[in-house]
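The values are calculated or read from the model by the stated rules, or taken from the named source; none is laboratory data. The shown structure was predicted, so the numbers you read here are calculated from the model rather than taken from an experiment. As a convention, Cβ positions derive from the backbone with ideal geometry for all residues, glycine included, and neighbour counts pool all protein chains shown.
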Amino acid sequence: MDFPAGARTASDESRRLAGTLAEVARGDSAAMADLYARTSAKLFGICLRVLGNRSEAEEALQETYVAVWRNAAAFDAARASPITWLAIVSRNKAIDRLRSRRPAQGLEAAAEVADDRALASELIEDEQERGRLTTCIEELEERQRDAIRSAFLDGATYSDLAERDGVPLGTMKSWIRRGLLRLRGCLER
Amino acid sequence: MTDDLDMLAAEYALGLLEGEERAEAHALFESDESFRRRVGAWTGRLAPLLDEAEPQAPPAELWSKIERRIAPPPAASNVVVLRRKLSLWRGYAAAATALAASLALFLVTRPEPAPPRAEAPMVAMMEAAGSGAKLVATYDAASRSLVVAPAAGITRVAGHSHELWAIPADGKPRPMGIVRPGAPQRMDVPPEMAPAFAGGVTLALSVEPEGGSPTGQPTGPVIASGRLART
(Lines give C-alpha, C1' and ligand atoms only; values in the text may rest on other atoms or scores of the structure.)
Protein backbone atom coordinates (compact mmCIF):
# COMPACT_ATOMS: atom_id res chain seq x y z
CA MET A 1 0.00 0.00 0.00
CA ASP A 2 1.32 3.41 -0.92
CA PHE A 3 1.00 6.46 1.21
CA PRO A 4 1.17 9.69 -0.72
CA ALA A 5 3.71 12.07 0.72
CA GLY A 6 0.84 14.55 0.74
CA ALA A 7 0.81 18.14 -0.34
CA ARG A 8 1.58 19.19 3.19
CA THR A 9 2.51 22.82 3.34
CA ALA A 10 4.18 23.01 6.69
CA SER A 11 3.36 26.25 8.43
CA ASP A 12 6.17 28.24 10.00
CA GLU A 13 5.07 27.11 13.47
CA SER A 14 5.08 23.49 12.37
CA ARG A 15 8.59 23.86 10.93
CA ARG A 16 9.80 25.52 14.11
CA LEU A 17 8.31 22.76 16.22
CA ALA A 18 9.96 20.13 14.02
CA GLY A 19 13.30 21.87 14.59
CA THR A 20 12.74 21.96 18.34
CA LEU A 21 11.73 18.31 18.34
CA ALA A 22 14.95 17.41 16.50
CA GLU A 23 16.91 19.15 19.28
CA VAL A 24 14.85 17.27 21.87
CA ALA A 25 15.75 14.05 20.07
CA ARG A 26 19.43 14.89 20.65
CA GLY A 27 18.76 15.15 24.38
CA ASP A 28 18.65 18.96 24.60
CA SER A 29 16.65 19.72 27.74
CA ALA A 30 16.45 23.46 26.99
CA ALA A 31 14.69 22.57 23.73
CA MET A 32 12.37 20.36 25.75
CA ALA A 33 11.44 23.30 27.98
CA ASP A 34 10.73 25.34 24.86
CA LEU A 35 8.60 22.56 23.39
CA TYR A 36 6.64 22.35 26.63
CA ALA A 37 6.06 26.10 26.73
CA ARG A 38 4.65 26.09 23.21
CA THR A 39 2.51 22.96 23.30
CA SER A 40 1.46 22.17 26.87
CA ALA A 41 -1.79 24.17 26.83
CA LYS A 42 -3.06 22.27 23.81
CA LEU A 43 -2.04 18.91 25.21
CA PHE A 44 -3.40 19.66 28.68
CA GLY A 45 -6.70 20.57 27.00
CA ILE A 46 -6.75 17.14 25.33
CA CYS A 47 -5.93 15.30 28.58
CA LEU A 48 -8.70 17.23 30.33
CA ARG A 49 -11.17 16.52 27.53
CA VAL A 50 -10.50 12.77 27.73
CA LEU A 51 -10.20 12.40 31.51
CA GLY A 52 -12.52 15.15 32.75
CA ASN A 53 -10.45 15.47 35.91
CA ARG A 54 -7.63 17.93 36.56
CA SER A 55 -5.33 15.85 38.70
CA GLU A 56 -5.60 12.85 36.36
CA ALA A 57 -4.99 15.15 33.40
CA GLU A 58 -1.86 16.51 35.09
CA GLU A 59 -0.53 12.98 35.49
CA ALA A 60 -1.32 12.15 31.86
CA LEU A 61 0.41 15.34 30.72
CA GLN A 62 3.57 14.40 32.61
CA GLU A 63 3.52 10.94 31.05
CA THR A 64 3.02 12.54 27.65
CA TYR A 65 6.16 14.68 27.83
CA VAL A 66 8.23 11.86 29.30
CA ALA A 67 7.18 9.70 26.32
CA VAL A 68 7.93 12.55 23.90
CA TRP A 69 11.39 13.01 25.43
CA ARG A 70 12.12 9.31 25.04
CA ASN A 71 10.72 8.82 21.56
CA ALA A 72 11.44 12.11 19.82
CA ALA A 73 14.16 10.48 17.74
CA ALA A 74 11.67 8.02 16.25
CA PHE A 75 9.29 10.74 15.08
CA ASP A 76 9.35 11.37 11.35
CA ALA A 77 8.53 15.00 10.58
CA ALA A 78 8.22 14.22 6.88
CA ARG A 79 5.10 12.12 7.51
CA ALA A 80 3.17 14.06 10.10
CA SER A 81 3.28 17.45 11.79
CA PRO A 82 4.87 17.58 15.25
CA ILE A 83 1.75 18.95 16.92
CA THR A 84 -0.32 16.04 15.57
CA TRP A 85 2.12 13.53 17.02
CA LEU A 86 2.17 15.33 20.38
CA ALA A 87 -1.64 15.48 20.41
CA ILE A 88 -1.87 11.75 19.69
CA VAL A 89 0.64 10.89 22.42
CA SER A 90 -1.37 12.94 24.93
CA ARG A 91 -4.62 11.30 23.79
CA ASN A 92 -3.07 7.85 24.20
CA LYS A 93 -1.64 8.60 27.63
CA ALA A 94 -5.01 9.97 28.76
CA ILE A 95 -6.85 6.90 27.41
CA ASP A 96 -4.33 4.56 29.08
CA ARG A 97 -5.00 6.32 32.37
CA LEU A 98 -8.74 6.13 31.83
CA ARG A 99 -8.52 2.40 31.19
CA SER A 100 -6.32 1.79 34.22
CA ARG A 101 -9.11 3.23 36.40
CA ARG A 102 -11.50 0.53 35.26
CA PRO A 103 -11.88 -2.72 37.14
CA ALA A 104 -9.15 -5.01 35.85
CA GLN A 105 -10.16 -7.33 33.04
CA GLY A 106 -7.05 -9.42 33.16
CA LEU A 107 -3.56 -8.56 32.06
CA GLU A 108 -4.51 -6.99 28.77
CA ALA A 109 -6.51 -4.27 30.53
CA ALA A 110 -3.22 -2.84 31.70
CA ALA A 111 -1.79 -2.88 28.18
CA GLU A 112 -1.14 0.45 26.55
CA VAL A 113 -3.13 1.79 23.62
CA ALA A 114 -0.19 1.57 21.28
CA ASP A 115 3.55 1.43 21.54
CA ASP A 116 4.87 5.01 21.73
CA ARG A 117 7.97 4.46 19.65
CA ALA A 118 6.28 2.48 16.91
CA LEU A 119 3.56 5.08 16.62
CA ALA A 120 6.09 7.91 16.51
CA SER A 121 7.65 6.42 13.40
CA GLU A 122 4.44 5.23 11.72
CA LEU A 123 2.09 8.17 12.23
CA ILE A 124 1.09 9.44 8.80
CA GLU A 125 -0.86 12.55 8.02
CA ASP A 126 -2.30 13.48 4.68
CA GLU A 127 -2.97 17.20 4.48
CA GLN A 128 -5.70 16.80 1.86
CA GLU A 129 -7.50 14.23 3.99
CA ARG A 130 -7.12 16.45 7.00
CA GLY A 131 -9.06 19.21 5.31
CA ARG A 132 -11.86 16.82 4.47
CA LEU A 133 -12.26 15.05 7.81
CA THR A 134 -14.86 17.47 9.19
CA THR A 135 -16.99 17.20 6.04
CA CYS A 136 -16.61 13.41 5.89
CA ILE A 137 -17.48 12.95 9.56
CA GLU A 138 -20.58 15.06 9.00
CA GLU A 139 -21.63 12.79 6.14
CA LEU A 140 -21.87 9.76 8.46
CA GLU A 141 -25.07 8.69 10.16
CA GLU A 142 -25.37 10.34 13.53
CA ARG A 143 -24.90 7.14 15.54
CA GLN A 144 -21.78 6.25 13.55
CA ARG A 145 -20.30 9.70 13.99
CA ASP A 146 -21.13 9.61 17.63
CA ALA A 147 -19.59 6.20 18.19
CA ILE A 148 -16.33 7.07 16.39
CA ARG A 149 -15.94 10.32 18.34
CA SER A 150 -16.76 8.55 21.59
CA ALA A 151 -14.14 5.87 20.98
CA PHE A 152 -11.44 8.36 20.07
CA LEU A 153 -12.18 11.02 22.67
CA ASP A 154 -13.82 9.16 25.55
CA GLY A 155 -12.03 5.83 25.26
CA ALA A 156 -15.27 3.93 24.62
CA THR A 157 -14.83 0.33 23.45
CA TYR A 158 -17.25 -1.70 21.31
CA SER A 159 -18.83 -3.20 24.40
CA ASP A 160 -19.18 0.23 26.11
CA LEU A 161 -20.92 1.59 23.04
CA ALA A 162 -23.20 -1.42 22.64
CA GLU A 163 -24.22 -1.19 26.28
CA ARG A 164 -24.77 2.55 26.11
CA ASP A 165 -27.05 2.28 23.08
CA GLY A 166 -28.69 -0.95 24.23
CA VAL A 167 -27.85 -2.88 21.05
CA PRO A 168 -26.14 -6.24 20.61
CA LEU A 169 -22.34 -6.11 20.31
CA GLY A 170 -22.45 -7.47 16.76
CA THR A 171 -24.84 -4.73 15.67
CA MET A 172 -22.59 -2.05 17.11
CA LYS A 173 -19.56 -3.55 15.38
CA SER A 174 -21.20 -3.59 11.98
CA TRP A 175 -22.51 0.00 12.38
CA ILE A 176 -19.08 1.28 13.22
CA ARG A 177 -17.30 -0.76 10.54
CA ARG A 178 -19.72 0.55 7.94
CA GLY A 179 -19.08 4.04 9.26
CA LEU A 180 -15.30 3.60 9.08
CA LEU A 181 -15.48 2.25 5.53
CA ARG A 182 -17.63 5.19 4.49
CA LEU A 183 -15.29 7.59 6.21
CA ARG A 184 -12.30 6.13 4.41
CA GLY A 185 -14.14 6.22 1.09
CA CYS A 186 -15.06 9.87 1.60
CA LEU A 187 -11.53 10.89 2.65
CA GLU A 188 -9.94 9.17 -0.33
CA ARG A 189 -12.36 10.70 -2.79
CA MET B 1 -8.79 -9.42 3.45
CA THR B 2 -7.16 -6.06 2.79
CA ASP B 3 -10.34 -4.35 3.91
CA ASP B 4 -10.57 -6.57 6.97
CA LEU B 5 -7.02 -5.74 7.95
CA ASP B 6 -7.59 -2.06 7.38
CA MET B 7 -10.75 -2.18 9.51
CA LEU B 8 -8.83 -3.97 12.25
CA ALA B 9 -6.20 -1.21 12.05
CA ALA B 10 -8.93 1.43 12.40
CA GLU B 11 -10.49 -0.39 15.36
CA TYR B 12 -7.08 -0.70 17.00
CA ALA B 13 -6.28 2.98 16.40
CA LEU B 14 -9.64 3.99 17.89
CA GLY B 15 -9.24 1.67 20.88
CA LEU B 16 -12.54 -0.14 20.23
CA LEU B 17 -11.20 -3.64 20.83
CA GLU B 18 -10.99 -5.55 24.06
CA GLY B 19 -9.80 -8.90 25.30
CA GLU B 20 -8.53 -11.41 22.80
CA GLU B 21 -9.37 -9.25 19.79
CA ARG B 22 -7.24 -6.46 21.19
CA ALA B 23 -4.43 -8.87 22.02
CA GLU B 24 -4.48 -10.20 18.46
CA ALA B 25 -4.41 -6.72 16.95
CA HIS B 26 -1.62 -5.75 19.33
CA ALA B 27 0.44 -8.78 18.32
CA LEU B 28 -0.04 -7.84 14.68
CA PHE B 29 0.96 -4.24 15.46
CA GLU B 30 4.15 -5.53 17.06
CA SER B 31 5.02 -7.96 14.30
CA ASP B 32 3.65 -6.65 11.01
CA GLU B 33 4.99 -3.46 9.50
CA SER B 34 2.17 -3.03 6.98
CA PHE B 35 -0.36 -3.27 9.81
CA ARG B 36 1.59 -0.68 11.82
CA ARG B 37 1.45 1.64 8.81
CA ARG B 38 -2.30 1.21 8.55
CA VAL B 39 -2.68 2.03 12.24
CA GLY B 40 -0.42 5.07 11.70
CA ALA B 41 -2.56 6.21 8.78
CA TRP B 42 -5.84 5.82 10.68
CA THR B 43 -4.41 7.61 13.69
CA GLY B 44 -3.35 10.49 11.46
CA ARG B 45 -6.78 10.55 9.83
CA LEU B 46 -8.63 10.76 13.12
CA ALA B 47 -6.21 13.16 14.82
CA PRO B 48 -8.17 16.31 13.79
CA LEU B 49 -10.92 15.17 16.16
CA LEU B 50 -8.58 16.25 18.96
CA ASP B 51 -8.79 19.86 17.77
CA GLU B 52 -12.13 20.22 19.48
CA ALA B 53 -10.48 20.11 22.92
CA GLU B 54 -10.08 23.65 24.26
CA PRO B 55 -6.47 24.53 25.15
CA GLN B 56 -5.96 25.03 28.89
CA ALA B 57 -2.79 26.15 30.63
CA PRO B 58 -1.49 23.45 32.99
CA PRO B 59 -0.51 24.46 36.54
CA ALA B 60 2.86 26.23 36.69
CA GLU B 61 4.58 23.62 38.86
CA LEU B 62 3.96 20.79 36.39
CA TRP B 63 7.03 21.52 34.27
CA SER B 64 9.42 21.04 37.19
CA LYS B 65 7.88 17.61 37.82
CA ILE B 66 8.46 16.65 34.19
CA GLU B 67 11.98 18.08 34.30
CA ARG B 68 12.80 15.81 37.24
CA ARG B 69 11.50 12.79 35.37
CA ILE B 70 13.54 13.46 32.24
CA ALA B 71 16.77 14.38 34.07
CA PRO B 72 19.69 12.47 32.56
CA PRO B 73 20.04 9.20 34.47
CA PRO B 74 23.35 8.43 36.24
CA ALA B 75 25.93 7.00 33.87
CA ALA B 76 25.77 3.58 35.53
CA SER B 77 22.12 3.00 34.67
CA ASN B 78 22.76 1.39 31.28
CA VAL B 79 24.97 -1.17 32.92
CA VAL B 80 22.30 -1.86 35.52
CA VAL B 81 19.71 -2.39 32.80
CA LEU B 82 22.02 -4.72 30.92
CA ARG B 83 22.83 -6.62 34.06
CA ARG B 84 19.13 -7.04 34.84
CA LYS B 85 18.49 -8.18 31.30
CA LEU B 86 21.31 -10.68 31.54
CA SER B 87 20.01 -12.16 34.78
CA LEU B 88 16.56 -12.42 33.23
CA TRP B 89 18.06 -14.27 30.28
CA ARG B 90 19.94 -16.55 32.66
CA GLY B 91 16.63 -17.36 34.28
CA TYR B 92 15.06 -18.26 30.93
CA ALA B 93 18.14 -20.24 29.96
CA ALA B 94 18.16 -22.18 33.23
CA ALA B 95 14.48 -23.06 32.78
CA ALA B 96 15.03 -24.17 29.20
CA THR B 97 18.14 -26.15 30.11
CA ALA B 98 16.26 -27.93 32.90
CA LEU B 99 13.54 -28.75 30.40
CA ALA B 100 16.04 -30.05 27.87
CA ALA B 101 17.67 -32.11 30.60
CA SER B 102 14.37 -33.68 31.57
CA LEU B 103 13.70 -34.51 27.93
CA ALA B 104 17.20 -35.96 27.63
CA LEU B 105 16.52 -38.01 30.74
CA PHE B 106 13.36 -39.29 29.13
CA LEU B 107 15.39 -40.28 26.11
CA VAL B 108 18.16 -42.00 28.04
CA THR B 109 15.77 -44.01 30.19
CA ARG B 110 14.42 -45.74 27.11
CA PRO B 111 15.94 -49.26 26.93
CA GLU B 112 17.63 -48.93 23.55
CA PRO B 113 19.66 -47.73 21.85
CA ALA B 114 22.53 -47.26 24.27
CA PRO B 115 22.35 -43.82 25.87
CA PRO B 116 24.69 -41.32 24.22
CA ARG B 117 27.09 -39.50 26.48
CA ALA B 118 25.45 -36.43 27.89
CA GLU B 119 26.97 -33.26 26.53
CA ALA B 120 26.16 -29.69 27.50
CA PRO B 121 23.34 -28.49 25.23
CA MET B 122 23.78 -25.53 22.89
CA VAL B 123 21.60 -22.52 23.62
CA ALA B 124 20.21 -19.66 21.50
CA MET B 125 18.56 -16.59 23.02
CA MET B 126 16.16 -15.34 20.41
CA GLU B 127 14.85 -11.76 20.30
CA ALA B 128 14.73 -8.80 17.94
CA ALA B 129 14.72 -5.04 18.22
CA GLY B 130 11.22 -3.62 18.12
CA SER B 131 9.57 -6.91 19.02
CA GLY B 132 8.59 -8.15 22.44
CA ALA B 133 9.12 -11.76 21.43
CA LYS B 134 11.72 -13.76 23.35
CA LEU B 135 12.48 -17.44 23.05
CA VAL B 136 15.11 -19.75 24.37
CA ALA B 137 16.15 -22.66 22.15
CA THR B 138 18.33 -25.50 23.39
CA TYR B 139 19.84 -28.15 21.17
CA ASP B 140 21.06 -31.49 22.35
CA ALA B 141 23.45 -32.87 19.72
CA ALA B 142 23.37 -36.45 20.99
CA SER B 143 19.61 -36.84 20.56
CA ARG B 144 19.35 -34.25 17.74
CA SER B 145 16.53 -32.63 19.65
CA LEU B 146 15.79 -28.94 19.67
CA VAL B 147 13.62 -27.56 22.47
CA VAL B 148 12.05 -24.19 21.86
CA ALA B 149 10.62 -22.35 24.85
CA PRO B 150 8.69 -19.14 24.12
CA ALA B 151 9.58 -16.86 27.04
CA ALA B 152 7.62 -13.72 26.25
CA GLY B 153 5.68 -11.76 23.69
CA ILE B 154 4.37 -14.56 21.48
CA THR B 155 0.64 -14.25 21.08
CA ARG B 156 -1.66 -16.31 18.96
CA VAL B 157 -2.99 -14.31 16.03
CA ALA B 158 -5.93 -15.66 14.06
CA GLY B 159 -4.89 -16.61 10.54
CA HIS B 160 -1.18 -16.56 11.39
CA SER B 161 1.39 -19.06 12.60
CA HIS B 162 4.88 -18.59 14.00
CA GLU B 163 7.40 -20.64 12.06
CA LEU B 164 10.91 -21.51 13.19
CA TRP B 165 13.81 -21.47 10.72
CA ALA B 166 17.37 -22.70 10.97
CA ILE B 167 19.88 -20.70 8.94
CA PRO B 168 23.23 -22.47 8.46
CA ALA B 169 26.39 -20.96 7.02
CA ASP B 170 25.00 -21.04 3.45
CA GLY B 171 22.43 -18.43 4.51
CA LYS B 172 19.44 -20.42 3.23
CA PRO B 173 16.67 -20.77 5.84
CA ARG B 174 15.40 -24.34 6.48
CA PRO B 175 11.90 -24.70 7.93
CA MET B 176 11.94 -26.36 11.38
CA GLY B 177 8.28 -26.26 12.31
CA ILE B 178 5.48 -24.20 13.80
CA VAL B 179 6.00 -22.77 17.27
CA ARG B 180 2.86 -22.61 19.39
CA PRO B 181 2.65 -19.77 21.90
CA GLY B 182 2.99 -20.72 25.54
CA ALA B 183 4.33 -24.21 26.04
CA PRO B 184 7.89 -25.31 25.21
CA GLN B 185 8.09 -27.90 22.49
CA ARG B 186 10.57 -30.41 21.16
CA MET B 187 11.55 -30.67 17.51
CA ASP B 188 13.67 -33.35 15.84
CA VAL B 189 16.57 -32.07 13.80
CA PRO B 190 16.98 -34.18 10.64
CA PRO B 191 20.31 -36.10 10.51
CA GLU B 192 21.51 -34.14 7.47
CA MET B 193 21.11 -30.90 9.43
CA ALA B 194 23.01 -32.19 12.47
CA PRO B 195 26.52 -31.09 11.33
CA ALA B 196 25.24 -27.57 10.64
CA PHE B 197 23.58 -27.45 14.06
CA ALA B 198 26.75 -28.65 15.76
CA GLY B 199 28.61 -25.78 14.05
CA GLY B 200 26.09 -23.24 15.38
CA VAL B 201 23.16 -22.20 13.17
CA THR B 202 21.09 -19.05 13.50
CA LEU B 203 17.50 -19.66 14.53
CA ALA B 204 14.76 -17.25 13.49
CA LEU B 205 11.04 -17.03 14.13
CA SER B 206 8.83 -15.45 11.49
CA VAL B 207 5.14 -14.66 11.25
CA GLU B 208 3.57 -16.71 8.47
CA PRO B 209 0.10 -17.55 7.17
CA GLU B 210 -1.76 -20.19 9.19
CA GLY B 211 0.04 -23.52 8.96
CA GLY B 212 3.38 -22.06 7.88
CA SER B 213 5.01 -20.43 4.88
CA PRO B 214 3.46 -21.60 1.60
CA THR B 215 6.77 -21.16 -0.24
CA GLY B 216 9.13 -23.06 2.07
CA GLN B 217 10.97 -19.80 2.71
CA PRO B 218 10.12 -17.10 5.25
CA THR B 219 7.52 -14.68 3.87
CA GLY B 220 6.61 -12.63 6.95
CA PRO B 221 8.55 -10.48 9.41
CA VAL B 222 11.15 -12.09 11.65
CA ILE B 223 10.16 -11.30 15.23
CA ALA B 224 13.05 -13.03 16.98
CA SER B 225 16.38 -14.55 16.09
CA GLY B 226 19.53 -15.76 17.78
CA ARG B 227 22.59 -17.92 17.19
CA LEU B 228 22.92 -21.34 18.71
CA ALA B 229 26.11 -21.47 20.76
CA ARG B 230 27.75 -23.69 23.32
CA THR B 231 27.18 -22.55 26.87
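Observations, loosely collected:
- Residues within the stretch A:135-144 that are touching a Gly at 6+ places or on another chain (Cβ under 9 Å) and farther than 9 Å from A:Leu183 by Cβ, tallied: 2
- Of the residues making up the stretch B:185-193, none is within 20 Å of the chain's Cα centre (by Cα) and among the acidic types (Asp, Glu).
- Only residues that are assigned to a helix (DSSP H, G or I) and of a type in the set (S, T, N, Q) were counted across the stretch A:6-23, and they come to 2.
- So A:Arg130, is it at the interface with another protein chain (Cβ under 7 Å from one of its Cβ atoms) and either at pLDDT 95 or above or in a helix (DSSP H, G or I) (or both): yes
- The stretch B:31-51, residues that are more than 7 Å from chain A (Cβ to nearest Cβ), under 18 Å from the mean Cα position of the chain (by Cα), charged (D, E, K, R) and part of a helix (DSSP H, G or I): B:Glu33
- Selection count where residues are surrounded by 15 or more Cβ atoms within 10 Å (Cβ to Cβ) and touching a Pro at 6+ places or on another chain (Cβ under 9 Å), scope the stretch B:170-184: 5
- Residue list for the stretch B:189-231, restricted to those being among the hydrophobic types (A, V, I, L, M, F, W, C) and in a strand (DSSP E or B): B:Leu203, B:Ala204, B:Leu205, B:Val207, B:Val222, B:Ile223, B:Ala224, B:Ala229
- Residue count for the stretch A:22-76 satisfying the condition of being of a type in the set (D, E, K, R), farther than 20 Å from B:Ala57 by Cα and surrounded by 16 or more Cβ atoms within 10 Å (Cβ to Cβ): 1.
- If you go through the stretch A:30-49 and keep only what is at the interface with chain B (Cβ under 8 Å from one of its Cβ atoms) and among the β-branched types (Val, Ile, Thr), you end up with just A:Ile46.
- Test for B:Arg186: is it charged (D, E, K, R) and part of a strand (DSSP E or B): yes
- Residues in the stretch B:167-176 that are in a strand (DSSP E or B) and out of contact with any Leu (no Cβ under 6 Å at 6 or more places or on another chain): B:Ile167, B:Arg174, B:Pro175.
- If you go through the stretch B:190-216 and pick out every residue that is of a type outside the set (Gly, Ala, Ser), loosely packed, with under 14 Cβ neighbours inside 10 Å and either farther than 10 Å from B:Glu163 by Cα or not assigned by TED's automatic domain parsing to the domain that holds B:Asp140 (or both), you end up with 6.
- Which listed residue, of A:Ser81, A:Ser100, is at pLDDT 90 or above and in the same structural domain as A:Met32 (by TED's automatic domain parsing): A:Ser81
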